[in-house]
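Bear in mind that the values in this text are calculations on the coordinates, not laboratory data. Everything quoted here is computed from the prediction, not taken from an experiment. Glycine also receives a Cβ, built like all others from the backbone with ideal geometry; neighbour counts cover every protein chain displayed.
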Amino acid sequence: MPAEGGEDLDEAERLFREGRIQPTVQVYQAPNGITTTKTIYKIYYHYAYPLGRTVEVPSLIADSITDRNGHILPYVKFKGGRLQLDQSAIDVLRTLARR
């Protein structure tokens, strides 16, 4: 989807409209026990431009939150790691900064 800055969102919306990228409905539970649903769109890699490359891999650390109702909500934290931005991503950021 390499486009110049704001055109990326237009291109993503076109892919959604045409049904090339289908929505995914996810259910989330907050620490207070309330659940909500959210519709998300996952843009497939072949529609995107490179963001960067991993220079140093982060550690994945398991953690959890226990809510008032005793529900355990596990998640993963990233610690450390380094990413070197791809030149195409830097070019998009520069284009956006000039607006």
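For the chain, the 222 nm mean residue ellipticity estimated from helices alone, with every DSSP H stretch of n ≥ 4 adding -39500 (n - 2.57) and the total spread over all residues, rounds to -6500 deg cm²/dmol. With the simple model of a label 7 Å out from the Cα in the direction of the Cβ, ARG98 to ARG82 spans 3.0 nm.
The slack in the chain from ASP67 to GLN29, taken as 0.36 nm per residue of separation less the alpha-carbon distance, amounts to 12.7 nm.
Loop-located trypsin sites (Lys or Arg not before Pro) in the stretch 15-75 (DSSP state not H, G, I, E or B) with no more than 10 neighbouring Cβ atoms inside 10 Å: LYS42, ARG68.
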